[in-house]
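To start, the structure under review is shown below, and the notes come after it.
The values are calculated or read from the model by the stated rules, or taken from the named source; none is laboratory data. These numbers were taken from a predicted model, which means no experiment stands behind them. Note: ideal-geometry Cβ built from the backbone for every residue, glycine included; neighbour counts use all protein chains shown.
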Amino acid sequence: MQKLIFLSEKDLIDRRYKALNYRFIRLLHPTYSTELKNDLANLVQLGYLDEPTGFGRTRKMIMLMEDFGHLFSRNHEITDAINEVLNTFANIPTNRLLQMVFKMPWGRGTIEDLRMRKLMLYPLRREKAYRVFDMSEDDFENLMICLSPRVSGELDQAFDEMRRGELLSHEEVFGEL
Amino acid sequence: MGSYNPVYTPTFQSQLLGLSPSMKQRVEEKIEDLIADPWHNTEFLKGQYRGKRKVWLTRSDRLVFVICEECRELGHTVYNLCTDCDVTPENTLVIAYIIFAHRY
C-alpha cells in the first residue's frame, strides 16, 4: 500500500495535481509516509477497512464510496491518474515492486542512494498546482463527520443509545437546566 | 410545543450540560424550530449516517436528529435499526448529538 500511494503521489505531483497531500521520506523499504500509516490505522479502527483481508472494503466503506462517488467523477482527471498508476503497478509482486522503487531515478542518482529520512515528497502548494481536488464545504463537512475518530465515535455512541431506546424526555433534559 | 415530540439521547444531554447559558438557549430555540418543521433547512448526513439529519446550530456547529415518521416512510429503518420502533409514536424526533466543528 505504501509503495502504490507513493507512486501515485509522485505521479500526481509530476502532473502538478494537488490531491493526496502525503509527505514521504526515504526509509528502509524505501519510501514511507507516517501520515498514510495513521490514515490507514484510522480507517481500520473506524471500520472502513478490514485489515485481516488485506485492507478490504467494509459495508461502511461501500456506503461512503456510494454517497461521495460524485467527488470521483468531478475530479476524474485526478482519479484517472491514480488508476493509471494502480493499473501499472498493483499486480507486480511486492518484492519486485520494492526493487523497482529502489532503482527509480531520484535527483542525481536513485532512491537507493538517498540518505535515510530524506524528505522526498511533500504537499504541492496550492498556487503551484495545475489542478486541485475539488470538494464543496458541505462535502468536506459530511466527510469529516464520517472520518473524524472523535466525532464519529461519539455519534456512534448516541445512535447506539437511540437503537436501544435509551431516550430522555424534553422535561428530563431541559427541565433540569 | 408543535406537532413533533422530541426525545433525547443521554449523549446529547451530557453535551448540553457543558454548554454556556447562551448556547443552551440557542439549542432550545433550534429544537423549537425543529418541532414546528423538522425538514426546514435540514439535510441528510451521508455514508454510515444515512437516515439521520443535520441542521445548522451556529455557523460551524450542527445538531443531528432523526424524524421517526420519515425513517419509516423512506425505509431508513434498515440504517437506524431502533429496537423500540414498533412502540415509538410516528411524531417522535430523536435529538441525538451536537457536532462541534472544533472536534473534527
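Would you check if there is a residue in segment B:77-99 being of a type in the set (Gly, Ala, Ser), within 11 Å of another protein chain (Cβ to nearest Cβ) and in a helix (DSSP H, G or I)? Write out each step before concluding.
Filtering segment B:77-99 for residues of a type in the set (Gly, Ala, Ser) gives B:96.
Checking which are within 11 Å of another protein chain (Cβ to nearest Cβ) leaves us with B:96.
When the remaining residues are screened for being in a helix (DSSP H, G or I), the result is none.
No, every residue in segment B:77-99 fails to be of a type in the set (Gly, Ala, Ser), within 11 Å of another protein chain (Cβ to nearest Cβ) and in a helix (DSSP H, G or I).
Can you tell me which residue in segment A:1-36 is nearest to A:LYS128 (Cα to Cα), limited to those that are assigned to a helix (DSSP H, G or I) and of a type in the set (A, V, I, L, M)? Explain how you work it out, then say what you get.
In the first step, residues of segment A:1-36 are kept if they are assigned to a helix (DSSP H, G or I); the result is A:2-14, A:34-36.
Going one step further and asking which of them are of a type in the set (A, V, I, L, M), we end up with A:4-5, A:7, A:12-13, A:36.
Values: A:LEU4: 24, A:ILE5: 21, A:LEU7: 20, A:LEU12: 13, A:ILE13: 10, A:LEU36: 23 Å.
Result: A:ILE13.
Whether any residue in segment B:59-70 is within 11 Å of another protein chain (Cβ to nearest Cβ), surrounded by 22 or more Cβ atoms within 10 Å (Cβ to Cβ) and part of a helix (DSSP H, G or I) is what I want to check.
yes
Every residue in segment B:66-104 that is free of Cβ contacts under 8 Å to residues at least 40 places away in the same chain and within 10 Å of the chain's Cα centre (by Cα), please.
B:VAL66
Say whether the condition of being within 18 Å of the chain's Cα centre (by Cα), more than 13 Å from B:ALA101 (Cα to Cα) and either touching a residue at least 60 places away in the same chain (Cβ under 8 Å) or in a loop (DSSP other than H, G, I, E, B) (or both) is met by at least one residue in segment A:107-116. Talk me through it step by step, then tell me what you get.
Step one: of segment A:107-116, the residues within 18 Å of the chain's Cα centre (by Cα) are none.
No: segment A:107-116 contains no residue that is within 18 Å of the chain's Cα centre (by Cα), more than 13 Å from B:ALA101 (Cα to Cα) and either touching a residue at least 60 places away in the same chain (Cβ under 8 Å) or in a loop (DSSP other than H, G, I, E, B) (or both).
Taking B:PRO6 as the residue in question, decide whether it is of a type outside the set (A, V, I, L, M) and touching a His at 6+ places or on another chain (Cβ under 7 Å).
Spelling it out, B:PRO6 is indeed of a type outside the set (A, V, I, L, M) and touching a His at 6+ places or on another chain (Cβ under 7 Å).
Going by the conditions given, is A:ARG126 out of contact with any helix residue (DSSP H, G or I) (no Cβ under 7 Å at 6 or more places or on another chain), at positive phi and touching a residue at least 12 places away in the same chain (Cβ under 8 Å)?
Criteria not met by A:ARG126.
Scan segment A:149-157 and give yes if some residue there is without any contact (Cβ under 8 Å) to a residue 24 or more places away in the chain, facing chain B (nearest Cβ under 9 Å), small (Gly, Ala, Ser) and out of contact with any Ser or Thr (no Cβ under 7 Å at 6 or more places or on another chain), otherwise no.
Checked against the condition, which is being without any contact (Cβ under 8 Å) to a residue 24 or more places away in the chain, facing chain B (nearest Cβ under 9 Å), small (Gly, Ala, Ser) and out of contact with any Ser or Thr (no Cβ under 7 Å at 6 or more places or on another chain), segment A:149-157 yields no hits at all.
Given the conditions (1) touching a residue at least 40 places away in the same chain (Cβ under 8 Å); (2) in contact with a Gly (Cβ under 9 Å, 6 or more places away or on another chain); (3) hydrophobic (A, V, I, L, M, F, W, C), which single one is not true for A:LEU4?
Single failed check for A:LEU4: (2).
Step by step: first the residues of segment A:40-58, then only those that are more than 14 Å from chain B (Cβ to nearest Cβ) and in a strand (DSSP E or B), then the one that is surrounded by the most Cβ atoms within 10 Å (Cβ to Cβ). Which residue is that?
A:ASP50
Does A:GLU127 satisfy the condition of being in the same structural domain as A:ASN42 (by TED's automatic domain parsing) and assigned to a helix (DSSP H, G or I)?
Taking the combined requirement at face value, the residue satisfies it.
Yes/no per residue for (1) in contact (Cβ under 8 Å) with a residue 40 or more places away in the chain; (2) within 15 Å of A:MET1 (Cα to Cα); (3) assigned to a helix (DSSP H, G or I):
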site	(1), (2), (3)
A:ASN38	no, yes, yes
A:LYS60	no, no, yes
A:PHE72	no, no, yes
A:ILE78	yes, no, yes
A:ILE82	yes, yes, yes
A:ASN91	no, yes, no
A:LEU97	yes, yes, yes
